[in-house]
Amino acid sequence: MKPEEILAQLDQLFPDARCELTHRNAYEMAVAVILSAQTTDASVNRVTPALFEAYPTVQDLAAAKQSDVERYIATLGLYRNKARSIIGFARDVVERYNGEIPSSMEDLTSLPGVGRKCANVIRSECFGIPSLAVDTHVSRIAKRLKLAAEKDDVDTIERKLCRKFPKETWISVHHHMIFFGRYLCHARNPECWRCPFVQDCREKKKYFGKTEKAGERS
């Protein structure tokens, strides 16, 4: 199946695919993305309202004590490291960028807690810059649909997807692949019986038989 056909099918499945991290501005988006590493968006959304009420601006977070911030995000995995990262991020933004979240890949990835994936999300969500962030969902889907090789790392997958899909669709591709991976093509028990791509899937022999039976029972 061609990339444009894949995107069209994904849009039919998930017409409302979007970023599910709750945020009101670039500061909140950036912090939420940093906190989302190795945890779910839903978990992040449960802690950020109180966090942002306590620290409504990047300047407030930059001046925070780590032990105080940890109390707000203690339910998240790696919360101590994440508290350190978001405070360090805020301090650098205040000291180096006058409190404004930067938009360039180079500037963003120089900040604590921001890798290439986080930077791509910030660039796309906050600035509308065509970007294609590769998280675990996007990586899994790209490999299963043969848009990338099984051995490819996330940087290689990003380059391949950006070559295969038009630049103006990159943000959409990111959101639709995440929704597909989150709500249908799960890591362990994908719902193959309702997948339009099953015949082209690299792992259909591994999952299709047992998941088809599961679908019949549901």
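Some notes on this structure:
- Pairing residues of the range 38-54 that are open to solvent by 20 Å² or more (accessible area, probe 1.4 Å) with residues that are in a helix (DSSP H, G or I) and modelled with pLDDT of 95 or more, at Cβ distances under 7 Å and at least 6 apart in sequence or on separate chains, gives Ala50/Tyr72; Ala54/Tyr72.
- When the range 142-174 is limited to residues that are closer than 18 Å to Asp16 by Cβ and open to solvent by less than 20 Å² (accessible area, probe 1.4 Å), the one that is farthest from the chain's Cα centre (by Cα) turns out to be Val173.
- Selection within the range 109-135 - touching a residue at least 24 places away in the same chain (Cβ under 8 Å) and in a helix (DSSP H, G or I): Arg116, Lys117, Cys118, Asn120, Val121, Ile122, Ser124, Glu125, Cys126, Phe127
- Selection of the range 48-74 for residues being in contact with a Lys or Arg (Cβ under 7 Å, 6 or more places away or on another chain) and assigned to a loop (DSSP other than H, G, I, E, B) yields only Ile73.
- Residues (under 16 Å from Tyr27 (Cα atoms) and hydroxyl-bearing (Ser, Thr, Tyr)) located in the range 64-95: Ser85
Residue-by-condition table, conditions (1) in a helix (DSSP H, G or I); (2) out of contact with any Leu (no Cβ under 7 Å at 6 or more places or on another chain); (3) farther than 19 Å from Gln38 by Cα; (4) in contact (Cβ under 8 Å) with a residue 60 or more places away in the chain:
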position: His137; (1), (2), (3), (4): yes, yes, no, no
position: Arg140; (1), (2), (3), (4): yes, yes, no, no
position: Leu147; (1), (2), (3), (4): no, no, yes, yes
position: Lys151; (1), (2), (3), (4): no, yes, yes, no
position: Lys160; (1), (2), (3), (4): yes, no, yes, no
position: Ile171; (1), (2), (3), (4): yes, yes, yes, no
position: His174; (1), (2), (3), (4): yes, no, no, no
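- Test for Pro3: is it open to solvent by 60 Å² or more (accessible area, probe 1.4 Å) and either hydrophobic (A, V, I, L, M, F, W, C) or over 13 Å from the mean Cα position of the chain (by Cα) (or both): no
The values are calculated or read from the model by the stated rules, or taken from the named source; none is laboratory data. None of the values given here were measured: they were computed from a predicted structure. Note: ideal-geometry Cβ built from the backbone for every residue, glycine included; neighbour counts use all protein chains shown. Just so you know, the surface numbers come from the protein's heavy atoms only, side chains and all, with ligands and any DNA or RNA stripped out. Shrake-Rupley method; radii C 1.70, N 1.55, O 1.52, S 1.80 Å.
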